[in-house]
Amino acid sequence: MTRSKGTVYYRVSMELRLYSREWCSWCIDAKDYLSEKGYRFDVVDVGKDRHAYEEMKKLSEQTYVPTFVAGARVLANFDTDQLRKFLNEHQIDP
């Protein structure tokens with residue numbers, strides 16, 4: 001297999017969303033981790049927004065927070081070690 005000359009590959013930044021609750025310590029840790037690493041992401045508080053809660057349930061097929069959505073990929077009910085692994089495995093860069 002040969003690659004044609006002049007081909008340029010780009011990484012497309014994807015929309016990152018963190019579904020959380022205000023009082024959730026794992027959610028706070030996830031937000032801190034993502035911010036420290038330079039990720040841009042939207043935080044959706046499912047405790048204050050019933051529509052967002054239903055959206056999270058539909059996307060992830062579960063009801064636990066934190067739930068992280070990156071494009072079509074979903075990671076639910078995780079700690080920062082699992083988040084780090086997820087980001088690395090799926091090559092999700094800041």
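Taken over segment 1-26, the criterion of being part of a loop (DSSP other than H, G, I, E, B) and either within 13 Å of the chain's Cα centre (by Cα) or modelled with pLDDT of 60 or more (or both) is satisfied by 6, 13, 14, 15, 21, 22, 23, 24. Restricting segment 61-79 to residues that are among the small types (Gly, Ala, Ser) and without any contact (Cβ under 8 Å) to a residue 40 or more places away in the chain leaves a set whose member that is nearest to residue 32 (Cα to Cα) is 76.
Condition check: modelled with pLDDT of 95 or more and either surrounded by 14 or more Cβ atoms within 10 Å (Cβ to Cβ) or farther than 20 Å from residue 94 by Cβ (or both). Does residue 56 satisfy that? So residue 56 fits the description; yes. Kindly check whether there is at least one residue in segment 27-36 that is modelled with pLDDT of 95 or more and exposed (fewer than 11 other Cβ atoms within 10 Å of the Cβ). Scanning segment 27-36 turns up at least one residue that is modelled with pLDDT of 95 or more and exposed (fewer than 11 other Cβ atoms within 10 Å of the Cβ). Restricting attention to segment 64-80, the residues that are crowded, with 18+ Cβ neighbours inside 10 Å and of a type in the set (Gly, Ala, Ser) add up to 2.
The values are calculated or read from the model by the stated rules, or taken from the named source; none is laboratory data. Since we're looking at a predicted model, the values are computed, not measured. Heads up, the Cβs are rebuilt from the backbone with ideal geometry, glycines too, and the neighbour counts pull from every protein chain shown.
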